[in-house]
1. Among the lysines, select those whose C-alpha is under 23 Å from the C-alpha of A:Lys210, and discard any that sit fewer than 8 residues away in the same chain.
2. Give the span of the range A:1-147's Cα atoms along each principal axis, as three whole-Å numbers ordered largest to smallest.
3. I'd like the projected area of the protein assembly as shown, averaged over all directions, using the convex hull of its alpha carbons. Report it in nm² with one decimal.
4. How many square angstrom of accessible surface are buried between B and A, both sides summed, with a 1.4 Å probe and rounding to 100?
5. I'd like the antiparallel share, as a percent to the nearest 5, of DSSP beta bridges with both residues in the protein assembly as shown.
6. So how far apart, in nm, are the two label points at A:Asp234 and B:Glu352 if each is 7 Å from Cα heading toward Cβ?
7. Specify which residue in the list B:Phe140, B:Leu174, B:Pro370 is farthest towards the positive end of the charge dipole of the protein assembly as shown, using unit charges on the beta carbon of Lys, Arg (+1) and Asp, Glu (-1), about the Cα centre.
8. Taking only Cα atoms and a 10 Å spring cutoff, compute GNM fluctuations for chain B and point out the largest among B:Phe267, B:Phe290, B:Phe102.
Amino acid sequence: MIIEGIFTAPVLLGAAGFAFALFLAVSDMLLEVKEDPKVALVEKALPGLNCGACGFSSCAAYAKAVVEGAAPIGKCTSADEESIKFLKTIFSSASSPEKKVAVIRCAGGSAVKFPYKGVPTCEAAALVTEGFLECSWGCLGLGDCEKACPQGAIKVGSKGIAEVDHSKCTGCGLCIEACPRGVIELIPAARRYYVACLSTDKAEVRNYCKNGCFACGICAAKKFNPDGVVEIKDNLPVVIEDKLKDPAQLLTAGSKCPVKAWKEINF
Amino acid sequence: MRPATFAGGVHPAQHKDSSAFSIERLPAAEKVYLHLSNSCGAPSKAVVKKGDAVLKGSIIAEPDGRISAFIHSPVSGVVEDIKKWPHCSGKKLEAVIIQNDFKDEPAPAGNIKDPSLLAPSQISEIVRNSGIVGLGGAAFPADVKLSPPPGKKVTTLIVNACECEPFLTADESLIREKAADIIEGAKIAARALSAKQIIIGIEDNKPDAAQELLNRSSERIKVKLLKTKYPQGGEKQLIYAVSGKKVPMCGLPLDVGVAVMNVGTVFAVYEAVVKGKPLYERVVTLGAYFRKPGNVIIPAGTRLEDIINFRGGLPDNVNKIIFGGPMMGQAVCDMDVPVSKATSGILLLWGEERKEYECLRCLRCASVCPMGLMPRESFALYKAGKAYDKAMNCMECGACAYVCPSGIPLIQYLKLSKKNLSMSNVRLPAGRDLTPLSKNGS
């Protein structure tokens, strides 16, 4: 009879469904992956940017490494104070990371060799005659770092060079990889002062850039630099981190710079 | 018979107006600027100091490594300084600056032997000591080409007389006036390579020059007329058009038993071996909007500004100066840049820059690519943050960018792909053949 078919179909399907459900339930029990509940907690505390600054491929991978003890907590440079406090409640040994920020080692102002009209990325412009600036160190200002920054902390400003909003910068270092000229550097935020120039030219700098450091040596002179925290190396001032105790030392050293190459971090 | 050629390529307007001029000589300038990185490979090492007296043709720098070349002074005078000077690549590189004393005292020439008595190794030694580099544009040291590594045999020497770039006529005028010497030079080069056959490939838009060569051809030295198409003078394209052989991807002509030399290089070999004259000057086409265009012998190291002043000054409206041809040449951004041995032409150009639009995906770039690549891929993949894996085969001939209706700078994208590939150490599959077959046969 035709009416019998109506009953057979649900019965067969129901039986098959039950069998599969049983199979899934059994395999779930047999193949269960035990995960530490801490991993999920740690991952939640992390900012979830997957920026890679910790050296792991993702926040999840880092969280797992932290729980397994393979990595210290302080590796995440993007984590804010609140999440670190939270992590400290889970792990007693947690320490705050040293806060680092990216700084642009260029103040702009280099003369232009020729008007560049090619592919509008720094990477492409750096391949054409070492960049279109007379200065072969300076920021090209086409914004590869701006695109790389997950925090939106870098903008190419009115001066035609990249500028960092240090209150947003977490120091993940992605901009450093993106910059073909190596203009960006990570410095400890506690240092506060840095030199916004990378040109190793001496007096020739004056021929093409009004903001360039020409290694006059005032900042390293005994009078303004009694503790020797600044030294001139390769025609550029270098901060000797070991001797540095107070950023004010750098302030006095850099205050006399004739081209104002010493800049302060903007918090 | 249809002239032989390769698949793809473009037909830019030829503008070979300067072919009407015979070769003349540009007077030497007050100072010459000889860059130490004058050839492909390692920069040479200066052997003179500030204040040294030099004679015309005396050595001022010696090679530093195997792929490097001797540099000779084109004038007699005093070394004024060795310092960084603008180079045509846009960088500032070390250069020897010589103050010309206008006495033109030649350096004593070495013993000149009958070339038919010289052993192959002796010929390549003379070529090395004469500082000869490939004059086609890459400036690869010629002696390296003339001494193939053991185990590799060269059966055919192909002389590249295509000069497929628009505007350039330096090679053409050289063939018209010095065909006999070029044939002699080719014989000497073939002797150094122990090559049995010499084939001269020339485009069919130079009938006078081709006739000069045909008059001197023989069983051993053949002249092959090729279709006028850019880049007919590309090494792999020329080998395919002339002999039907395909150079493997990422391979050298040596892999198919062929060596390719430019006519200018072959002529320099003749001058070095038969006349004992080192390479310190070359024929350069002064083309496009020069007040006095022509084919001119220019001493290496002459400053661009001096050349322009010798030829009637810089015309108004010129907005681009190019060293080499318009397709592959290099725009220079400094009037202090000197010409080098690799400079085949100087063009003063004038005109509107092309505007860039969105890609239409018409794939015209792929249809003209002589290497059978898809230039558009490099552009699309770069936008996606990736590199085009076949970009390493690109020789940057510029045919794709020339035909692109959207004016996309495809060569720049291909260069970016190359850069990113070499950084990520992507290994290319060796030996795979990418040269497309000829569409119309030969």
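1. A:Lys113, A:Lys155, A:Lys159, A:Lys202, A:Lys233, A:Lys256, A:Lys260, A:Lys263, B:Lys84, B:Lys91, B:Lys92
2. Each principal axis gives a Cα extent; for the range A:1-147 these are 94, 52, 22 Å.
3. 47.0 nm²
4. 1200 Å²
5. In the protein assembly as shown, approximately 70 percent of DSSP beta bridges are antiparallel ones.
6. Once both label points are built, they end up 4.7 nm from each other.
7. Positive-end residue among those listed: B:Leu174.
8. B:Phe102
The values are calculated or read from the model by the stated rules, or taken from the named source; none is laboratory data. Treat the numbers as computed from the prediction; the structure is a model and nothing was measured. For neighbour counting, all protein chains shown are included, and Cβ atoms are generated from backbone atoms with ideal geometry for every residue, glycine included. Areas reflect the complete protein model, heavy atoms only, side chains present, ligands, DNA and RNA absent. Shrake-Rupley method; radii C 1.70, N 1.55, O 1.52, S 1.80 Å.
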